[in-house]
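The values are calculated or read from the model by the stated rules, or taken from the named source; none is laboratory data. All values reported here derive from a predicted model rather than from experimental measurement. All Cβ positions, even for glycine, are placed from backbone atoms using ideal geometry, and neighbour counts span all protein chains on display.
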Amino acid sequence: MADPVAATITQLKNIQARTGQTIAQLHTAVLASGAAKHGERRSWLMEHFKLGYGDANAVALFIDKPVPDLNGGGPPAAPLAIQGDPLDAIYTGAKAPLRPLHEAVMQAVRALGDFEEAPKKTYISLRRRKQFLMVGPATKDSIEIGLNAKDLPAHPRLKVQPPASMCQATTRIGGPAEIDADLKAWLKRAYDAAA
């Protein structure tokens with residue numbers, strides 16, 4: 001009987017060879033597309049990278065999950081792993097002064113309990129059972145926080161996102177004073193919704 005893990009590794013290596021993209025690069029492209037559901041992600045990969053159903057399904061299956069080591073040996077790689085401190089790559093140039101604000105938001109989130117941080121190219125994804133928050137620079141003057149919580153109350157600071165977006169709502173903050181009781185309540189709702 002064939003080893004299913006070895007078969008998956010071979011399939012993923014073949015996908016990389018055919019597309020000229022690493023699995024992490026394919027994941028980044030899918031996430032940037034805004035496709036949120038597995039089927040939407042699979043269809044997007046089929047359309048944009050001309051992958052067959054099975055290959056597109058395999059790539060979509062590993063989004064936000066550990067990818068098997070494709071170089072042979074060792075534990076699975078973290079999803080979309082970035083070498084070094086990922087904040088160094090995210091907060092560069094004109095956006096560098098926003099890093100302390102990002103860290104202040106993270107301090108408020110860490111007060112809620114345990115979670116995983118999954119660095120992406122332009123933001124950090126925070127996960128429990130599923131993604132509950134995205135934090136990254138929006139402009140040179142503000143960071144954007146994406147919240148995954150369906151029961152957020154209407155509020156002028158919250159921007160409701162269209163269906164199939166990666167988050168139900170977003171908000172932007174430009175200074176530590178905006179990490180207030182409202183924002184902390186929204187962070188907690190998103191955190192609790194991902195339990």
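Residue pairs whose Cβ atoms lie under 7 Å apart, sitting 6 or more positions apart in sequence or on different chains, and linking a residue in the range 139-162 that is acidic (Asp, Glu) to a partner that is surrounded by 14 or more Cβ atoms within 10 Å (Cβ to Cβ) and part of a strand (DSSP E or B), are 144/136; 144/170; 144/172. The residue list 7, 32, 24, 17 contains one member that is at negative phi, surrounded by 15 or more Cβ atoms within 10 Å (Cβ to Cβ) and not β-branched (Val, Ile, Thr), which is 24.
When the test is whether a residue is assigned to a helix (DSSP H, G or I) and either surrounded by 12 or more Cβ atoms within 10 Å (Cβ to Cβ) or out of contact with any Ser or Thr (no Cβ under 7 Å at 6 or more places or on another chain) (or both), residue 183 passes it.
Condition check ((1) more than 21 Å from residue 27 (Cβ to Cβ); (2) under 19 Å from the mean Cα position of the chain (by Cα); (3) in the same structural domain as residue 29 (by TED's automatic domain parsing)) across all residues:
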{"residue": "94", "(1), (2), (3)": "yes, no, no"}
{"residue": "102", "(1), (2), (3)": "yes, yes, no"}
{"residue": "111", "(1), (2), (3)": "yes, no, no"}
{"residue": "124", "(1), (2), (3)": "no, yes, no"}
{"residue": "137", "(1), (2), (3)": "no, yes, no"}
{"residue": "140", "(1), (2), (3)": "yes, no, no"}
{"residue": "151", "(1), (2), (3)": "yes, no, no"}
{"residue": "179", "(1), (2), (3)": "yes, no, no"}
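Among the residues of the range 153-161, none qualifies, meaning not one is under 16 Å from the mean Cα position of the chain (by Cα), modelled with pLDDT under 95 and in a strand (DSSP E or B). Of all residues in the range 1-28, those being in contact with a strand residue (DSSP E or B) (Cβ under 8 Å, 6 or more places away or on another chain) and in contact (Cβ under 8 Å) with a residue 60 or more places away in the chain number 0.
Checking residue 164 against (1) farther than 26 Å from residue 26 by Cβ; (2) of a type in the set (Gly, Ala, Ser); (3) in a loop (DSSP other than H, G, I, E, B): exactly one of these is not met. Which one? Of everything listed in (1) farther than 26 Å from residue 26 by Cβ; (2) of a type in the set (Gly, Ala, Ser); (3) in a loop (DSSP other than H, G, I, E, B), residue 164 misses just condition (1).
I'd like to check which helices (runs of 4 or more DSSP H) are fully inside the range 1-117 and have at least 1 residues that are at pLDDT below 85. Explain how you work it out, then say what you get.
On the way: elements: 4-19, 23-33, 38-49, 53-61, 86-90, 99-110.
By residue number, 4-19, 23-33, 86-90.
Considering only residues in the range 138-169 that are among the β-branched types (Val, Ile, Thr) and touching a Leu at 6+ places or on another chain (Cβ under 7 Å), the one that is surrounded by the most Cβ atoms within 10 Å (Cβ to Cβ) turns out to be 145.
Okay, residues lined up against (1) under 24 Å from residue 116 (Cα atoms); (2) free of Cβ contacts under 8 Å to residues at least 24 places away in the same chain:
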position	(1), (2)
30	yes, no
36	yes, no
39	no, yes
50	no, yes
55	no, no
59	yes, no
62	yes, no
65	yes, yes
